[in-house]
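Quick notes on the structure that follows.
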Amino acid sequence: MQPVLTVILWNVFWQRRNSASGQAMRRLIDEQAPDLVCLTEGEVDFIDLPHRMQSSEDYGMPIKPKRRKVLVWSRSSWTDIDDVGDAKMPIGRFVSGTCATPLGPLTVHGVCIPWDLAHVRTGRRDGRPWSEHRAYLAGLSAVVQRRKPLSNTLILGDFNQAVPRRRAPKAVYDQLVETIGQQANIATKGEITGLPFQTIDHLAHSLDLIPVSIQALSNRGEDGRRLSDHTGLVIRLTRPAGTAEK
């Protein structure tokens, strides 16, 4: 039987670990016994897996020391950590590293691509709709292009776009597709069981990995209270039958 990697992806909406919503979300995460957890818009102490990498604290808004746009936890230690990515990318929204997993060593790029109105009406107020988003994609493309052929790699986080396209301008959507390229597959595209809408949180993987299952984690607590403005995702991956890590 091929080994399986369990990944959780969630924008946790700045919830604190000991708040009622935070505790409910942490229980849902723990129940899945994940190997990797990528949270966007989270606090550094939100979960208890032993090894964490995180984006820089400055993402162009007033700094709150515990908050990060991207955090990725693993059961094994990280090496080659990079929280810059590329000079074209808006700051504080990227982190990358390599860790051991049930599928062998993987390079993980955690991303939080700016929404369409980033720094338009808030923050610096010097942007145009989609300008920060497109600048980020240009930088992420440079990161992806450094490794050809792409292998043993995950790109995951808040993409702030639905796949297939829902409301983004066609040129912006096309840029996202070109950024991920032909060397990776967006496992979370299209309809996902348990979600009544397309997700904007995504996991893309190199073609030497394949998805086993994708399921939603409800963003509503047992009392009906909304936990986050995003729904969590549990993605399980393996390798094609008869293959092993390289």
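The H on the amide N of residue 127, modeled in the peptide plane, is under 5 Å from the matching H of 120, each at least 5 residues off or on a different chain. Of the residues 69, 189, 148, which exhibits the maximal mean-square fluctuation in a Gaussian network model of the chain defined by a 10 Å Cα contact cut-off? Sorting by GNM fluctuation, first place goes to 148. Residues whose amide H lies under 5 Å from that of residue 213, counting only those 5 or more places away or on a different chain, are 236; hydrogens are built 1.01 Å from N in the peptide plane.
Each Lys and Arg Cβ is given +1 and each Asp and Glu Cβ -1; about its Cα centre, the range 5-238 then shows a dipole of about 540 debye. Sorting the segments 221-233, 87-99, 111-123 by their mean number of nearby beta carbons within 10 angstrom, highest to lowest, gives 87-99, 111-123, 221-233. Residues whose amide H comes within less than 5 Å of that of residue 51, counting only those at least five positions distant or on another chain, are 74 (H built at 1.01 Å from N in the peptide plane).
Computed from the C-beta positions of residue 19 and residue 145, the FRET efficiency with R₀ = 30 Å rounds to 0.15. Here 86, 158, 48 are placed in order of increasing Cβ neighbour count within 10 Å, fewest first, which gives 48, 86, 158. About its Cα centre, the range 24-123 has a charge dipole of approximately 260 debye under the convention of +1 per Lys or Arg Cβ and -1 per Asp or Glu Cβ, with nothing else charged.
Coordinate range of the alpha-carbon atoms in the chain per principal axis, descending: 53, 45, 35 Å.
Read the figures in this text as sums done on the coordinates, not as results from a lab. These numbers were taken from a predicted model, which means no experiment stands behind them. Note that each Cβ is placed from the backbone with ideal geometry, even for glycine, and that neighbours are counted across all protein chains shown.
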